[in-house]
Amino acid sequence: MHAPVDPSPGGAAPHPFAKPKTHRETYEFLIRQVLRAGTYSVLLAVGLIFAHIIIKGVPVVFTTKAPFINTNFLTKLPETLHVIEDKQGKIYETSPQGSDVIKKELGGNMRSEKTISYSGGGILGPIVGTALLVLVCMVVALFLGIASAIYLSEYASHGKFIEGVRLAILNLAGVPSVVFGLFGLGIFVLSAPVLTDTPHERSLFSIPLGFTYMSFQGWDTCVLSGAFTLAFVILPVIITASEECLRAVPQGFRETSLALGATRWQTIWRTVLPFAMPGILTSSILGIARAAGETAPIMFTAALAFKDKLPWQGDSGFFGIFTQSVQALPYHIYTIAARIPQSEYSERAQYGSVFVFLVLVLMFAITSVLLRRKLRAKYQW
Amino acid sequence: MPATLEKPAAINGSKPPTHLTVKIDGVDFAYGARQVLFDVTMDIAAREITAFIGPSGCGKSTLLRCINRINDLIENAAITKGRITLGGVDINHRDLDVIALRRKVGMVFQKYNPFPRSIFENVAYGLEVAGEKDKKRITEVVEESLRAATLWDEVKDRLHESALGLSGGQQQRLCIARTLSVKPEVVLMDEPCAALDPIATARIEELIVQLKKQYTIVIVTHNMEQAVRVSDRTAFFYLGKLMEFNDTMKLFTAPEKPETERYLSGRMG
């Protein structure tokens, strides 16, 4: 900023283009600096968070020796970390099995042993769990979201009722996620219908179908319940974004298609949806990245603090993967960050998990950008 | 272009010519509470070119869009009185198959708007949505339609390239080919040359005159000279009313209504 030109004091003829001396410029300058400071402080906060996580997380996930990735951390289930100190002050960090061996070797040379829950081993369980939840959530949310968006933008007539529906969808976005969690608990875990020959005694009611019963007893805590709950968390985002993308397709395409004798559905399927899809997918994937990070909705519906089996190692075999409860990354992070005593040894799993999680979300974002580019190139108008 | 002139006859050659006339009988039309057409009555003769002229907002496009019921897309827009018949059938009748109607009454829009797909796919679209599976038949019809729209020679070597690579005039002829592919009886054209340069316009006009042999054509235009050049009869609309409907030559040389004369002279200087 440069100071306003000072008009000469003695009443001499002022410069014809001299700036009037007002506070306007000072205001302008101040406002600009305040806005700039706001923006930069946001950047600074984000930068600090990322730097912190990367500095602490990278050494956990990557190693200096080939293959440069800590495969144990990514391919083992979480387990209790045993920290044994011998009398010479040498410290061994090991697994439960390893601790027995070391204890035997050290014999009377052992000074102390500490155990830190969930902080040893790897985080394969949470990664797999989150992947399953996100996969099912994506299918459910995209189907319901795109279906509603198509209905709202292409079929529904404008009226009080539809305005109400829109308002409800927008409000849904403001519902706290823990409320979604409780909703999922009430609906999917405890009262959604299942087909079974032997209805559970806590079933709300069951309808005999002849060969079996439709029992409203819920799906229990499992991937399905969690994924449906997550889907509802991100539905408002997906519906709103999809509707906007559908509206952005030129009306001329619809008119032309109809004028050529296409039905409404043919028009939507062949000339509206393909051109709306890049946008729908981009915004949906960002929504899904958010779903991957939600903790509260899966706390009551799908996630366990600890599980010693991968989903397909359960009793019902491979096809039981969706009806098992799982570990999930956000809940795992919550557990190891807030539910166990903190020590220098618990940091490894904490920062490692957060770092892996960040990388996964980043991959989602990159996928969505690439997908959009590819689809844009194919379906642009 | 004698080579392309011969070909269109083949399109409708196999079926007996039908002469479906469009009769518009006392039509009022309103967008919600706003009435835009007042008691319009006119007969549109088969195998002729009828031009709708008039100042912007006079309702001529609205009337055109009523004839294939593309106005159905607009909420609360409806004919409030009177009826439009095609070959004696009320097109707004409850039992009418609107898909079948639109296949009989094709439409070319003001802004040339090919789908962002290949040239071939654009022309094949109408057949595909009608459930035509026979690839050979589709290929035949695409060629016939492109020939009929005098575009074949220009695009035959790049049928599978994007339609958006064509020039504006070519794109509009592609849209005409696409409309012809479903073999309509009536072709509605909503200012088809509004977005084109004079040379492209001349080609489209030439094409429209050729098409008259097989199709009943209704064209909305802001261009007086264009109405004179292509149309057999002209309807002048003013403030939602049909002021005058007559042979083009008569209307332009000896208008009966003072409004018509004012409009024509004002525009033609």
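No lab work stands behind these numbers, since they all come straight from the coordinates. Every value quoted in this text rests on a predicted model; they were computed, and no experiment measured them. No Cβ is skipped: glycine too gets one built from the backbone with ideal geometry, and neighbour counts run over all protein chains shown.
Worth a mention:
- Per-residue shielding of B:127-137, expressed as the average number of other chain Cβ atoms within 10 Å of the residue Cβ, stands at 2.
- Taking the number of Cβ atoms within 10 Å of each Cβ as an exposure proxy, the fewest-first ranking of A:Arg290, A:Arg254 is A:Arg290, A:Arg254.
- Per-pair calculated FRET efficiency, R0 = 41 Å: B:Tyr31 and B:Thr253 via Cβ, rounded to 0.05: 0.70
- Alpha-carbon radius of gyration plus Dmax, which is the widest Cα pair, for segment A:124-378 in Å: 20.9, 71
- Size descriptors for segment A:330-381: radius of gyration and Dmax over Cα atoms are 17.8, 58 Å.
- Environment charge of A:Ile285, counting only residues whose C-beta is closer than 14 Å and scoring Lys/Arg +1, Asp/Glu -1: +4
- P(r) tail fraction, segment B:110-258 - alpha-carbon pairs more than 27 Å apart, %: 28 percent
- Once the Cα-Cα distance is subtracted from the 0.36 nm per residue extended length, the A:Leu74 to A:Leu195 segment shows a gain of 39.9 nm.
- Alpha-carbon radius of gyration plus Dmax, which is the widest Cα pair, for segment A:258-356 in Å: 21.2, 71
- 12 Å beta-carbon shell around B:Met249, net charge (K/R +1, D/E -1): +1
- On the beta carbon distance between A:Asp308 and A:Val165, with R0 = 60 Å, the FRET formula returns roughly 0.85.
- D (Stokes-Einstein, µm²/s), Kirkwood Cα radius, segment A:76-121, 1.306 mPa s at 10 °C: 151 µm²/s
- Label zone at A:Trp269, where the point sits 7 Å out along the Cα-to-Cβ direction: segment B:100-140 residues whose backbone N lies under 17 Å: B:125-134
- By the count of neighbouring beta-carbon atoms within 10 Å, fewest first, A:Glu154, B:Glu128 end up ordered B:Glu128, A:Glu154.
- Computed over segment A:15-142, the Cα gyration tensor eigenvalues convert (square root of 5λ each) into semi-axes of 56, 24, 13 Å, ordered from largest to smallest.
- Positive minus negative residues near A:Arg111 (Lys, Arg vs Asp, Glu; Cβ under 12 Å): +1
- Debye intensity ratio in log₁₀ form over the Cα atoms of chain B, taken at each q of 0.13 Å⁻¹: -0.85
- Average other protein chain Cβ within 10 Å of Cβ, residues B:112-121: 4
- Mean projected area (nm²) of the alpha-carbon convex hull when the protein assembly as shown is viewed from all directions: 51.6 nm²
- 10 Å Cβ neighbours from other chains, averaged over peptide A:248-258: 5
- Taking every DSSP bridge with both residues inside segment B:22-264, close to 60 percent are antiparallel.
- Annotation for B:Leu96 and A:Ile53: the two label points, set 7 Å from Cα along the Cα-Cβ direction, are 6.1 nm apart.
- Here is the list for segment A:129-234: trypsin sites (Lys or Arg not before Pro) lying in DSSP coil, each with at most 13 other C-beta atoms within 10 angstrom of its C-beta, are A:Arg202.
- Distance violations [Cα-Cα > 27 Å] among A:Lys56/A:Lys103; A:Lys76/A:Lys114; A:Lys378/B:Lys156: A:Lys56/A:Lys103
- With the highest mean first, a sort of the peptides B:32-38, A:104-110 on other beta-carbon atoms found within 10 angstrom per residue produces B:32-38, A:104-110.
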